[in-house]
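Okay, structure first, notes after.
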Amino acid sequence: MTRRMKGALALVVLVLTAVAVSAAFAAGSATPGVTKKTITIGGTFPLTGPAALYGAIPKAEFAYFSYVNAHGGVNGRQIIFKYYDDGYNPANTVPLTKKLVEQDHVFAVYGSLGTAPTLATRDYLNKAGVPQVLVATGDSYWGAQYKTYPWTIGFQPDYPGESRVYGQFIRNKVPQAKIGILMQDDSYGQNYYNGFLAGLGSAKSKIVDVEKYDATATDVSQQVVKLKAAGANVFALFALPSQTIDALVVATKVGWHPTTFINNVSASPLFMYLAQKSGANVAGDISATYLNDIYNNPNTATAKLFGSIIAKYDPGANPLDADILFGVANAWTMVQALKQAGPNPTRAGLMSALTHMNQVNPFLYPGLKMVTTPTERFPIDQQILEQYKADGNWHPFGHIFSNAR
Amino acid sequence: MSTVFATQKGLRFLPASGWIVPAFVGAGCVFLLIGSLQSSLFAQQTISGLANGGIYASLAVALVLIYRATEVINFAQGAIATFTTYVAWQLMSWGLSYWLAFVCTLGIAFAGGFLIELIAIRPVERRGNQLTVVIASIGLLILVEGSIGWIWGSDLKFMPAPFPSHIYRVGGVAFSRQDIATIAISIAAVVVLRLLFQFTKLGLAMRAAAVRPDAARLVGIRVSWMLSLGWGLAAVLGAVAGLMTAASPASLLQPSMMDGILIYAFAAAVLGGLESAAGAVIGALAIGVTLNLLGSYVSWVTPQLLLPAAFVLMLVVLLVKPSGMFGRSRVSRV
Amino acid sequence: MRLSPAAILGIATSVVAAVVVGLLPFTLSDYHRSTGATVGVFFIAILALNIVTGYTGQISIGHGAFMAVGGYTTAILTHNHGWNDLATLPVAALIGFGAGVVVGLPALRFHGVYLALTTFAVALAVPQIAKNYPGFTGGTEGLALPTHTGIWLYYTAWIVAGIVFVLAWLLLRGRTGRAFRAVRDSEIAAASSGVSLSLYKTVAFGISAAFAAVAGSIYVLVNNFVNPDVFGLTLSLYILIGAVVGGLGSLWGVLVGAAFVELLPVGLTTAHISSSQSVPVIFGAVVIAVMALLPLGAANLLQTVLHFGSQTGQSSEVPLGTEGR
């Protein structure tokens, strides 16, 4: 073969490859997610990387959908739930979400986890008229910015609302407080901090020290030691699970025993267990919850149903992990909304169902009601304080608080 | 172009690096001592910093070992360490006692490291160059960390500590038995490595295989086996690092456990001189203490800037001594 | 300019490739056009890395940082100051050049692994610095930018890629390119021939960083979002993987490398294999296998199969010489 022939061959190969590749990429047709027998929803979650511990959530949601499917589905349709790993990196979330919408033709983007990932896809989804629902983040944006982003709605109580409750509690019940705060030095921590200040009101003069850490920190003992040295006797812990556990263990290690408030995200019985086994003295710590207390009431219908669903459809789950209860509660809400959207669901119909909620979710704390209106778009707005006891469980106490602004 | 090392006469405790570096280190120690005597907060921050540094040190020593034995920066070292820690966890969940599981894990780690070199790295080394091996190590990092999640899941797991949680409180400063153990074990590893490389024929053979493989083959050294041995030993050190890390309250057993620590371990190893295990330990302790003190006392070093601060420290040392604190300077002949 | 037959063939093939790339979107869905745009982004980034690592032999694991510089420049100018997106690209390139020189100067003192780890440090430090000024950069919540259609993104990415490719080709076939290759092959020989090491090494870093910054700008436009996690260590590692898999010192390999690091992971993630955890396992294994089978990258394979170019560095498509063990 001469060189020229080889060159020509190369060109032919190249062109053929390009054609083959483009054929593989050929566009599909478009019905958004609803067929006679199925309805497809999808979301993005961190299944690898430092946030991978939240991977339990989509698995639990998938389990609940499987249970529903086994019992006839929703309005005769089987729920197909697709979830992709974005590793908590918005540069992955955006293309994966686009894939869900444009290739998988999902009816709705459901349950996606993380503030930044959700912010990254919010514009695209709202522009395209695709519901972005029941997202797993406690930022207030989803409920507050509905006028600009009507297709987006959250699920869990927002972080500032939760920490406001802690602030109010301290103001009313802990008069001799000297407050030390450990917060993540970004919007996550800032959210809690702002709500906390609002709740404290005049008592914010009792804050003696605020320490911050960066999410890349491998250890927070430096900050805990300073809080102890500042003489704090109340410890507000606005940190992610790993740093929360570290802080609790270090506090005990250096001989500091303040009244400790832990944010709900990091207060799963699993994390408390890990902290305790590592030497932390966590009895007496306070948090807030909105989930059903199946841990103390294992014989209720809800607890048994939950147990059977998980045993059958998510057997690898750790029973201490509150995130699986979160996932099931979230999935229940989605199923209800799909039911309400009727036998011929439309995306607008789904949003309408989610913004006209008035129901009791069996997987939430008894007495809580999920209420939304087109202008009041926080599905869960109530919490109850709980205290961790030596028996290794959280015990709710007091009455149900409303986070309403 | 050939490369030779500056030779060192006789045996010294520290490689030939003059008196400047030990003097600096000494001055630093004096500063810490004075500060600690003045303020128990300073003392506590120093001790906590040393504890963190101990954890970085344990992994840094593994990085130094693999670099000395194979001239490769192994990005997968932390992930392999985490994997072996999970193996230990698995053995314990099957009923083995801590120390039995520990010993078995070391053996498994050695075999694992050896096999990884044999299967994944050797084919790459044979036909590629240094950069190719680095890329392979990055691929290995992705693979190993992914396989941990695949086999065991990504949820947080509890790993018992080797030493029952005993807290010592001395003059307002608290530290645990585990903190001391971690530092002691890192120092022990340094001593063992020094004995290996300085005093044994095997160590000499490993060094020769790494630096001048062609010449080493000429004198009968089986270079490939030396490299596999290097990976095996590094995996053992990594396993120890992983077990010490999982025992600390700041680290919970999850696939990404060593990600943050690997970064500081690299900074420490480079700072100390990539060929010096002692340097790596001193570098790691220095980084641990410096970051804690910076975070505590220097308000414009915000939490975000602590990670860059470790590297600024590394760069400052490199600009003054381009081969690190105790690294050997390379002399090139044309 | 007298062109060798190999160079003419090279140009011809480039033209054909350009035509294919230009016409491809008409057969693709909007989603795949965005994916194609991202391949374009990696094309530019890997090309940028090639200038520093393939042509002057300086290892950089930090090009994600230069992408971050460009990406944030675009985001801040667009979001906070209302600039037109495309107008920010030259600014990003300029600032990227500056950043590259700033990194390149102290890097002069370091070689091999120490240089690699210095760039590693830069890659980690830049996102942290971005987090440190949230008022400016949006912090971890980042900045959202206007969305664009897939076709706009695709053509923006590939037209810029084409411009960068041509610039790189012109640069590398001339005196500068010869100086770069001299620096890579033997610093001592280069210095004794009168090639100013510090000038060329620093310029290489500067140009490389400028290109990477532009890649970062387009990356941010494709995702219509920026935050520090977008430019984490993984990005730098992927660019390096792409460069080596494609084949260092070869402009052709860049296309293969870009396709590899963009399409394979995303393809695996969305392929619904048994468990999403197996995605990194497969990808990692493939990377290792590629290194074992094609240590000099895909471009070398193309070269061997098709007998393009020559080994002496006359054309711009030249594989990196082996530094055997």
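Quick notes
- A:ILE262 meets all of the listed conditions (1) within 14 Å of another protein chain (Cβ to nearest Cβ); (2) modelled with pLDDT of 95 or more; (3) crowded, with 22+ Cβ neighbours inside 10 Å but one, namely (1).
Okay, residues lined up against (1) within 14 Å of chain A (Cβ to nearest Cβ); (2) assigned to a helix (DSSP H, G or I); (3) touching a residue at least 12 places away in the same chain (Cβ under 8 Å); (4) out of contact with any His (no Cβ under 7 Å at 6 or more places or on another chain):
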position	(1), (2), (3), (4)
B:VAL240	no, yes, yes, yes
B:PRO249	yes, no, no, yes
B:PHE311	yes, yes, yes, yes
B:LEU319	no, yes, no, yes
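- Against the list (1) of a type in the set (S, T, N, Q); (2) more than 14 Å from chain C (Cβ to nearest Cβ); (3) not in a helix (DSSP H, G or I), the condition B:ASN74 fails is (2).
- Boolean, B:LEU32 is farther than 30 Å from C:VAL287 by Cβ, modelled with pLDDT of 90 or more and within 14 Å of chain A (Cβ to nearest Cβ): no
- Helices (runs of 4 or more DSSP H) contained in segment A:113-223 and holding at least 1 residues of a type in the set (Lys, Arg) and more than 14 Å from chain C (Cβ to nearest Cβ): A:159-173
- Selected residue [modelled with pLDDT of 95 or more and outside the structural domain of A:TYR124 (by TED's automatic domain parsing)] from A:ILE153, A:ILE181: A:ILE181
- Residue count for segment C:72-94 under the criterion of being of a type in the set (Val, Ile, Thr) and either surrounded by fewer than 21 Cβ atoms within 10 Å (Cβ to Cβ) or facing chain B (nearest Cβ under 8 Å) (or both): the result is 2.
- Among the residues of segment B:117-138, none qualifies, meaning not one is more than 14 Å from chain C (Cβ to nearest Cβ), farther than 18 Å from B:LEU229 by Cβ and polar (S, T, N, Q).
- Extreme residue, surrounded by the most Cβ atoms within 10 Å (Cβ to Cβ), among residues of segment C:257-281 that are facing chain B (nearest Cβ under 8 Å) and among the β-branched types (Val, Ile, Thr): C:VAL279
- The combined condition, being more than 13 Å from chain A (Cβ to nearest Cβ), of a type outside the set (Phe, Trp, Tyr) and in contact (Cβ under 8 Å) with a residue 40 or more places away in the chain, is not fulfilled by B:VAL223.
- Summed over segment A:184-234, the residues that are over 23 Å from the mean Cα position of the chain (by Cα), basic (Lys, Arg) and under 22 Å from B:GLN45 (Cβ atoms) give a count of 2.
- Some residue of segment A:272-283 being within 14 Å of chain B (Cβ to nearest Cβ), under 21 Å from the mean Cα position of the chain (by Cα) and buried (at least 24 other Cβ atoms within 10 Å of the Cβ): yes
- Candidates C:LEU171, C:LEU167, filtered to the one that is at pLDDT 80 or above and either in contact with a helix residue (DSSP H, G or I) (Cβ under 7 Å, 6 or more places away or on another chain) or at positive phi (or both): C:LEU171
- Residues (over 15 Å from A:ASN296 (Cβ atoms) and free of Cβ contacts under 8 Å to residues at least 24 places away in the same chain) located in segment A:377-397: none
- When A:ALA348, A:ALA317 are screened for being closer than 24 Å to A:LEU270 by Cβ and surrounded by fewer than 21 Cβ atoms within 10 Å (Cβ to Cβ), only A:ALA317 passes.
A quick yes/no check of all residues on (1) under 21 Å from A:LYS339 (Cα atoms); (2) in contact (Cβ under 8 Å) with a residue 40 or more places away in the chain:
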| position | (1), (2) |
| --- | --- |
| A:PHE81 | yes, yes |
| A:GLY114 | no, yes |
| A:VAL133 | yes, yes |
| A:THR137 | no, no |
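- All of B:PRO160, B:PRO123 fail the test of being surrounded by fewer than 19 Cβ atoms within 10 Å (Cβ to Cβ) and either at pLDDT 95 or above or outside any helix (DSSP H, G or I) (or both), apart from B:PRO160.
- When segment C:244-256 is filtered for residues that are under 12 Å from the mean Cα position of the chain (by Cα) and within 9 Å of chain B (Cβ to nearest Cβ), the ones remaining, listed by number, are C:VAL244, C:LEU248.
Quick grid of which residues meet (1) surrounded by fewer than 20 Cβ atoms within 10 Å (Cβ to Cβ); (2) touching a Ser or Thr at 6+ places or on another chain (Cβ under 6 Å):
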| position | (1), (2) |
| --- | --- |
| A:MET183 | no, no |
| A:ASP186 | no, yes |
| A:PHE196 | no, yes |
| A:LYS204 | yes, no |
| A:GLU211 | no, no |
| A:ALA215 | no, no |
| A:GLN223 | no, no |
| A:ALA236 | no, no |
| A:ASP246 | no, no |
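- Unmet criterion (only one of (1) under 30 Å from C:PHE110 (Cβ atoms); (2) touching a Lys or Arg at 6+ places or on another chain (Cβ under 9 Å)) for C:ALA7: (1)
- Each residue in segment A:56-103 was checked for being among the polar types (S, T, N, Q), away from chain C (no Cβ under 14 Å) and in contact with a helix residue (DSSP H, G or I) (Cβ under 6 Å, 6 or more places away or on another chain), and 2 pass.
- Flag if C:ALA213 is more than 14 Å from every other protein chain (Cβ to nearest Cβ) and closer than 30 Å to B:ILE142 by Cα: yes
- If the condition is being small (Gly, Ala, Ser) and either over 26 Å from C:THR137 (Cα atoms) or at pLDDT 95 or above (or both), then segment B:297-308 contributes no residue at all.
- Residues that are of a type in the set (A, V, I, L, M), assigned to a loop (DSSP other than H, G, I, E, B) and under 22 Å from A:GLN156 (Cα atoms), drawn from segment A:276-311: A:ILE294
Let's see how each residue does on (1) touching a helix residue (DSSP H, G or I) at 6+ places or on another chain (Cβ under 6 Å); (2) closer than 25 Å to B:GLY149 by Cβ; (3) hydroxyl-bearing (Ser, Thr, Tyr); (4) modelled with pLDDT under 95:
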{"position": "A:GLY279", "(1), (2), (3), (4)": "yes, no, no, yes"}
{"position": "A:ALA288", "(1), (2), (3), (4)": "yes, no, no, no"}
{"position": "A:ASN292", "(1), (2), (3), (4)": "yes, no, no, no"}
{"position": "A:ASN296", "(1), (2), (3), (4)": "no, no, no, yes"}
{"position": "A:LEU305", "(1), (2), (3), (4)": "no, no, no, no"}
{"position": "A:ILE309", "(1), (2), (3), (4)": "yes, yes, no, no"}
{"position": "A:PRO315", "(1), (2), (3), (4)": "no, yes, no, yes"}
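- Where helices (runs of 4 or more DSSP H) sit wholly within segment C:140-206, those with at least 1 residues that are out of contact with any His (no Cβ under 7 Å at 6 or more places or on another chain) and closer than 22 Å to C:ILE95 by Cα occupy C:150-173, C:175-185.
- The numbered conditions (1) touching a residue at least 60 places away in the same chain (Cβ under 8 Å); (2) part of a loop (DSSP other than H, G, I, E, B); (3) more than 17 Å from A:PRO366 (Cβ to Cβ) are all true for A:GLY327 except (2).
The values are calculated or read from the model by the stated rules, or taken from the named source; none is laboratory data. It should be emphasised that the depicted structure is a prediction, and the values quoted were computed from it without experimental measurement. We place every Cβ from the backbone using ideal geometry, glycine too, and count neighbours over all the protein chains shown.
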